[in-house]
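Asks: Sending over a structure as structure tokens; questions will come in a sec.
What follows draws every value from the coordinates through simple rules; no lab data is involved. The shown structure was predicted, so the numbers you read here are calculated from the model rather than taken from an experiment. For neighbour counting, all protein chains shown are included, and Cβ atoms are generated from backbone atoms with ideal geometry for every residue, glycine included.
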Amino acid sequence: MKTLDAIIAGLAGTAAMTAFLYLLSYITHRVMKVVKTLGTMLLFRTQPDGGLSDATSTKVVGTIAHYAMGVFFAIIYLALWDSGVGMITASWSILLGFAHGIAAMLIWYSFFLVHPKPPIIMLKTYLLTIIFAHIVFGFVTTYTFYLLSQPDYSFWQ
């Protein structure tokens, strides 16, 4: 049952993080569309001008990969909690999200370094934004897991 809760929480956290990034992309007019970026890079579909692919299959692959990673990390959160690392609380959600964001930033940076033709984006801004997006992920994932598991303490610690 805990694994199913973690899967649901991971999906919720990924949806919140994706919405956060798309909202920022809309507000700032900068490329922060993680699903399109991921799909473009995984399928090697960077446009000749360095832009992202708009193909439906690119978005599908990016979405599947992104949500799969969200579920994977939610299961890692569960494993940490079950092993006694942290609690399912607001403060721990921010800490886990921040740590997860640093790891994600390093993974994305490495992906851009090794990719034969990465899209042209403002990488520094994108990577810093990824950290904040993962704090959103950590908070929503943890809060969703808290609501599903109903522990006998307050989330707001």
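Asks: From the backbone phi of segment 69-76, what are the Karplus-calculated ³J(HN,Hα) couplings (6.51 cos²θ - 1.76 cosθ + 1.60, θ = phi - 60°) in whole Hz, Gly and Pro given as x?
Replies: The phi angles translate into 5, x, 5, 4, 6, 5, 5, 5 Hz.
Asks: In the neighborhood of Tyr26, defined by Cβ-to-Cβ distances under 14 Å, what is the net charge if each Lys or Arg adds +1 and each Asp or Glu adds -1?
Replies: On the way: positive: Arg30, Lys33, Lys36; negative: none.
Surrounding charge for Tyr26 is +3.
Asks: Same structure, new question: What is the local net charge at His66, summed over the other residues whose Cβ is closer than 15 Å to its Cβ (Lys, Arg +1; Asp, Glu -1)? Write out the running numbers ahead of the final one.
Replies: On the way: positive: Lys33, Lys36, Lys59; negative: none.
That sum, taken over residues with Cβ under 15 Å, equals +3.
Asks: Within the chain, how many lysine pairs that are 8 or more places apart, or on different chains, have C-alpha atoms less than 19 Å apart? Working shown, then result.
Replies: On the way: Lys33/Lys59; Lys33/Lys117; Lys33/Lys124; Lys36/Lys59; Lys36/Lys117; Lys36/Lys124; Lys59/Lys117.
The result is 7.
Asks: Short version: ³J(HN,Hα) in whole Hz for each residue of segment 22-32, in order, from phi by Karplus 6.51 cos²θ - 1.76 cosθ + 1.60 (θ = phi - 60°), x for Gly and Pro, what are they?
Replies: Along segment 22-32, the couplings run 5, 5, 4, 4, 5, 5, 8, 6, 10, 6, 9 Hz.
Asks: Build a GNM of the chain with springs between Cα atoms under 10 Å: which of Leu21, Leu11, Leu147 gets the top mean-square fluctuation?
Replies: Answer for the Gaussian network model of the chain: Leu147.
Asks: Can you tell me the length gained on complete extension of the stretch Leu80 to Val114, counting 0.36 nm per residue apart and subtracting the Cα distance?
Replies: Numbers: separation 34, 0.36 × 34 = 12.24 nm, distance 3.03 nm.
Gain on extension, Leu80 to Val114, equals 9.2 nm.
Asks: Given the options Gln157, Phe98, Met32, identify the residue whose Cα lies farthest towards the positive end of the charge dipole of the chain (+1 on Cβ of Lys, Arg; -1 on Cβ of Asp, Glu).
Replies: Met32
Asks: Using alpha-carbon pairs under 8 Å, 6+ residues apart, how would you state the relative contact order of segment 1-134 in percent? Don't skip to the answer; put the middle values down first.
Replies: Values: 135 pairs, mean separation 42.1, N = 134.
Computed value for segment 1-134: 31 percent relative contact order.
Asks: Grab the beta carbon distance between Ile64 and Asp152, set R0 = 30 Å, and tell me the FRET efficiency rounded to 0.05.
Replies: Working: r = 37 Å, r/R0 = 1.22.
That pair, Ile64 with Asp152, gives E of 0.25.
Asks: Nearest 0.05, what FRET efficiency do Ala15 and Leu42 give at R0 = 25 Å with Cβ-Cβ as r?
Replies: Numbers: r = 20 Å, r/R0 = 0.79.
Computed FRET efficiency for Ala15 and Leu42 comes out at 0.80.
Asks: Can you work out the Karplus-derived ³J(HN,Hα) for every residue in segment 56-66? Use 6.51 cos²θ - 1.76 cosθ + 1.60 with θ = phi - 60°, whole Hz, and x for glycine or proline.
Replies: Going residue by residue, I get 4, 5, 5, 5, 5, 5, x, 5, 4, 5, 5 Hz, with x marking Gly and Pro.
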